[in-house]
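To start, the structure under review is shown below, and the notes come after it.
The values are calculated or read from the model by the stated rules, or taken from the named source; none is laboratory data. Values in this document were obtained by computation on a predicted structure and should not be read as measured data. When we count neighbours, we look across all protein chains shown, and the Cβ atoms used for this are built from the backbone with ideal geometry, even at glycine. The area values use the complete protein model at the heavy-atom level, side chains included, leaving out ligands, DNA and RNA. Shrake-Rupley method; radii C 1.70, N 1.55, O 1.52, S 1.80 Å.
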Amino acid sequence: MDVFDYAEHFIMKLARAYPPTRPLQVELHPGLHCDLYRCPFCYGHGQAPLAGKLITRGDVARILDDLEGIDPLIHMAGVTTEPLTHPAAAEIVTEIRRRGFRFALHTKGYRLDDRCAHALLEGTSECFVTISMDAVTNDQYMRLHNIPSEHRDGHRGLRGRDYYDIVKKNVRRLHALKLASGSSLQVRIAMLLFEENCDEEQLDRAVSEYSDFCDLIRFAVPQVRNDGVRPTNVPAEAESLLQRLAARFAGSPKVRVLERTAATLRDTGFNRCEAQRFQVVIDRCGNVFPCPQVAVEQYAWLCYGNVKATPLRVILNSAARLERFDWDVTTQMRCRVCDRKDEAINVMLDRLHRAFDAVSPHHTPR
């Protein structure tokens, strides 16, 4: 009996043959800071982006020029900052949406003002916005995000105790504008689960309230931070909790439960980063990195160019980038801080490579 796995072999061949000059995802990290948010579960907790002159709308336009015809997903987020704190955030979103690129924004929502909302409604291409709520009351929101209640921010001079209501107001407005315009924009709310917010009553309340002004609510467990620290308030028996929630909301059209998010350890079995072949990340100063987890000063050696000095199309095919595909993750890249998506890609492709490299080169399965 021939047990050769044709489907896996096909996937492996596609991955090896895929041109690295055509990234599937380009992530922008334009944010300067996080206002009053000091989330203890932040992936890039305590790490700073590289210093330099901020990217402009013009820089983003040139990046998009170089991506014309490639059609990657443009993802605007941040490993350690809020993306909408860039002074030209709305203009950057407008530039992307008017070009017809598929677009995703991940934000806390505090700066999701009217200008940003209308920018998101530009164009007709696929677009989704994920707002990190993580709470169902104001007190809970401030505790989980470590927001000082009486401090005022430098954006609007508002106190931390006002943030939760402002975020809900912003999301309601965005969703109402989406409905009024007939836009296909997807408004999604992310709920990370902690000891403080994971009982059934609170989760039912979140689904009941937030369903009125979003298209999807996503439950998950927070990831291990970049520094290896896992939040101390992750629910006990997180895996079984996720399974119960998946069963509880199985029939809901607006709830998704990411069941495979409870693992506490990173995989150390692979020694090459395959995920970097399919993506690049550009920080607030134009520095280009292989993945979103290392777009900080702590991993400066992994930066292989800057779009202010060199066109992105050149950087994508540069020796500095391509040689990293063969670097050992532990000894050369020195980063082993994959998020769930990248780790899943690396684990799977490493397994496939090992399996099919072991097959005799003279064996041609039929």
Exercise. Residues 344, 300: which one is of a type in the set (Gly, Ala, Ser), within 23 Å of residue 48 (Cα to Cα) and open to solvent by 20 Å² or more (accessible area, probe 1.4 Å)?
Worked result: 300
Exercise. What residue, among those in region 140-169 that are surrounded by 13 or more Cβ atoms within 10 Å (Cβ to Cβ) and among the acidic types (Asp, Glu), is nearest to residue 234 (Cα to Cα)?
Worked result: 162
For this session: For region 259-291, enumerate the residues that are more than 22 Å from residue 227 (Cα to Cα) and in contact with a helix residue (DSSP H, G or I) (Cβ under 7 Å, 6 or more places away or on another chain).
Result: 259, 277, 286
Exercise. Out of region 45-60, which residues are in contact with a helix residue (DSSP H, G or I) (Cβ under 8 Å, 6 or more places away or on another chain) and either open to solvent by 20 Å² or more (accessible area, probe 1.4 Å) or at pLDDT below 95 (or both)?
Worked result: 47, 48, 49, 50, 51, 57
For this session: Check off (1) under 22 Å from residue 54 (Cβ atoms); (2) part of a helix (DSSP H, G or I) for residue 280 and give me the number that stays unchecked.
Result: (2)
For this session: Please find, within region 257-297, the residue that is least open to solvent (accessible area, probe 1.4 Å) out of those that are modelled with pLDDT under 95 and β-branched (Val, Ile, Thr).
Result: 261
Seminar exercise, completed: The residue from 314, 294 that alone is under 28 Å from residue 105 (Cβ atoms), touching a helix residue (DSSP H, G or I) at 6+ places or on another chain (Cβ under 7 Å) and not small (Gly, Ala, Ser) is 294
Problem set entry | region 126-170 - residue that is aliphatic (A, V, I, L, M) and either assigned to a loop (DSSP other than H, G, I, E, B) or touching a Cys at 6+ places or on another chain (Cβ under 7 Å) (or both) and, of those, nearest to residue 114 (Cα to Cα) | 158
Exercise. Given the conditions (1) buried (at least 21 other Cβ atoms within 10 Å of the Cβ); (2) β-branched (Val, Ile, Thr); (3) without any contact (Cβ under 8 Å) to a residue 40 or more places away in the chain, and given that residue 232 satisfies all but one, which numbered condition is not satisfied?
Worked result: (1)
